Structures are given as structure tokens and as C-alpha cells.
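Worksheet: the structure to be examined is printed underneath.
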Amino acid sequence: MRIDVVTIFPDYLAALDLSLVGKARAAGILDLRVHDLRDWTTDRHRTVDDTPFGGGAGMVMRPDVWGRAIDDVSGVAGAGGAAGDPSGVHLVVPTPSGETFTQRTAEALAREAHLVVACGRYEGIDARVAEHYRATGMRVSELSIGDYVLNGGEVAALVMVEAVGRLLPGVVGNPESLVEESHGAAGLLEYPVYTKPPAWGDLEVPDVLLSGHHARIHRWRRDQALRRTAARRPDMVRALDVDALDRHDLAV
Ligand code: ADE
């Protein structure tokens, strides 16, 4: 998969050289390129923003600068003459006014061949940018990572690239570990986990986990996941498919 991130703060994305995403890049599974938006400015001051039409506080990022940047990195500008196909690219715009980015969104984005992530700053990017690329046939997703406001899209881009990158085949060593985790297919938070030593101070690992009895361990973990989800995320419990719950889950 290829991901191009465009930002006025490329250094923010340096963390993507580390850990699993860094390894995926080194292994050639993820072709991640970070670009400085100011490379597409044309004035001496390398201006990327201006005052909002209609008035109000803050600055808005200019569509002409973003248009040149996105055309170039997505390949639709047709460097060398041949214009690329916009339908091969998915433009992601992190914004607090977007739809919520979830594990389902990460799974859908992980199936794309080429993502372009446009990190806005200030009051955001001129609305014509998303409108223009949608009209070209490009998929465009304006996405929020949660109901709070960050100073720009960079941290949200880090979150999204990591969540998507770890789903690419070959990135997480043991694909089994993707199966049971929180926000996976079961629609539950993950059960609590323990390792050695079996006693730490006066805190002991639950006996059942030392029993070697796989059916009981499975049942205990499932119950813990249900309890934890009920306590922390009642919204997820309401969304559960009741027909998919087993007889034990429904016992009171
Ligand atoms: N930019 C600023 N706040 C954001 C958020 N919550 N999600 C995505 N992008 C953002």
C-alpha cells in the first residue's frame, strides 16, 4: 500500500519510522511518503492560508495550494503527460467535523491501494478541496478521531496510519492477535490479560488461567469481555447482535 501524507509539519510524522509501521516501511509492505505542503506554494513567503470569507476568527488553508499538492502526490496531475485515474486514490482529510474513524474505517482503508492524507491546520481546509476531488471520482473521507479538537490533522494522521498500517498483511507477526482484540468482530472490549509472575505482591493471577482447562478459560475470558464492555461501553452492548450471543452469555 502507498500512503502520502501532506502537512506543513513533516517532522510530526517522524514517529512513523518507529515500531511496526517503521518495520512495514522497511519491509516494503508500506510505501509511506511525507510531504511539506509549502513545496506547492508559489510566493516568497510560502503562504498556505488566508482569512475566511464571511469573516470570523482564524485562518483557512487555500484550495489552490492544496489542489497542486494533491494533484501531484495522487498522480492525477499526470506528471510527464499521462494523467492518473482519480478512482485509484482515497483522499483522507482528518477534521474534528468529520465522520468518526473506527476500526471498521481502518479495515476499509487497509483495502485501498493508495491513500493521500491531507493534514489541515488553523480553521481547516477550504471546503472546495473535498468537493472538487469528489467530483473527479476520487473517494474522499473527512474523518474525526474523536470528539475533541486538536491543533491540526497531524496527530490524527498518525493515529490513522498506525491503525491502518497494522492491518496490512505481514505487518503484525501473528495475525491471530488481530482476531480477539478490542473493537474486533465480536463487538466487545478485550478481556484482561496477565503474565508472569503468578503472584505479584498480594495480587494473584485468576486461578482459571493457570488451570490449563481451555473451555473454562475461553468462558472466563468471554464473561470478562462482556462485563468490561457493559461497565465501560454500554453503547457497544446495545449494538451487540443478540442472536450471536450464546446461552451462557444470556444467563443472568
Ligand atoms: N483535527 C483537529 N481535531 C481533530 C480530530 N478530533 N480528528 C481529526 N482531525 C482533527
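Only the coordinates and a few stated rules stand behind these numbers; no lab work does. These numbers were taken from a predicted model, which means no experiment stands behind them. Neighbour counts are summed over all protein chains in view; Cβ atoms, including those assigned to glycine, are modelled from backbone coordinates with ideal geometry.
Some observations on this one:
- Mean Cβ neighbour count within 10 Å, used as a protection proxy, ranking 135-144, 215-224, 52-61, 239-248 highest first: 135-144, 215-224, 52-61, 239-248
- The calculated P(r) of the chain, using every Cα pair and 10 Å bins from 0, goes 6, 24, 28, 20, 13, 7, 2, 0 in percent.
- Divide the volume of the convex hull around the Cα atoms of segment 1-144 by the residue count and you get 134 Å³ per residue.
- Here the relative contact order of segment 31-101, from alpha carbon pairs under 8 Å that lie six or more residues apart, stands at 17 percent.
- Normalised convex hull volume, segment 93-225, alpha-carbon set, Å³ per residue: 155
- Between segment 160-206 and segment 110-124, the Cα center-to-center distance that results, in Å: 27
- By the count of neighbouring beta-carbon atoms within 10 Å, fewest first, 73, 149 end up ordered 149, 73.
- When +1 charges are put on Lys and Arg Cβ atoms and -1 charges on Asp and Glu Cβ atoms, the dipole computed for segment 114-218 relative to its Cα centre reaches about 380 debye.
- Alpha-carbon gyration tensor eigenvalues x 5, square-rooted, for segment 79-118, Å: 25, 13, 6
- Between the Cα long axis of helix 214-232 and the first principal axis of the chain there is an angle of about 50°, rounded to the nearest 10.
- Rounded to the nearest 10 degrees, the angle from helix 154-165 to the longest Cα principal axis of the chain is 60 degrees.
- The chain: relative contact order in percent, alpha carbon pairs under 8 Å with at least 6 residues between: 18
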